[in-house]
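What follows is a set of notes on a single structure, which appears directly below.
The values are calculated or read from the model by the stated rules, or taken from the named source; none is laboratory data. Quantities reported herein were computed from a predicted structural model and do not represent experimental measurements. We place every Cβ from the backbone using ideal geometry, glycine too, and count neighbours over all the protein chains shown.
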Amino acid sequence: MTGVIGVERVDEHEDGSATYQFHLDDNCAKLLQEEGLKLVLYCAAAKLDIQVVYDFIEDHIRYMSDEIRPMTDEERQRSKEREKANSMQCVSCGGPSSSDFCSFCLEEE
């Protein structure tokens, strides 16, 4: 089962970031909902904050692109913030969290 996803609009901002607007057919929207929920449940079972998964993917992209360069000050600061955030624990489930509650437990309340 596949779906169609397309970029409808891209707004580029002065700071170099961009905002994207996508079009999804009904099948694609359903698949994305299922995969999103699956990701949340896997992270909860592993007691991982979802940000850990995103950080892993970003690191993997850098590794696969053979991009060997010094980190910028901004990247270094974000890395330090992630390390600090990942050392915190959710007061509800005890899993890693960037605040008192992990994203999964916040969704549950």
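Among the residues of the range 1-18, count how many are under 30 Å from D100 (Cα atoms) and part of a strand (DSSP E or B). It would help to see each step written out before you state the result.
Initially, the range 1-18 is screened for residues under 30 Å from D100 (Cα atoms), giving 17.
Subsequent filtering for residues that are part of a strand (DSSP E or B) retains none.
Looking only at that region, the number is 0.
Please specify each residue of the range 63-79 satisfying the condition of being surrounded by 11 or more Cβ atoms within 10 Å (Cβ to Cβ) and at pLDDT 80 or above. Please lay out each step first, then the result.
Just the residues of the range 63-79 that are surrounded by 11 or more Cβ atoms within 10 Å (Cβ to Cβ), to begin with: 71, 75-79.
Residues satisfying the conditions are Q77, R78.
Looking only at the range 25-46, which residues are within 20 Å of the chain's Cα centre (by Cα) and either in a strand (DSSP E or B) or not hydrophobic (A, V, I, L, M, F, W, C) (or both)? Spell out the reasoning first.
Taking the range 25-46 and keeping what is within 20 Å of the chain's Cα centre (by Cα), we get 28-46.
Within the range 25-46, K30, Q33, E34, E35, G36, K38, Y42 meet the criteria.
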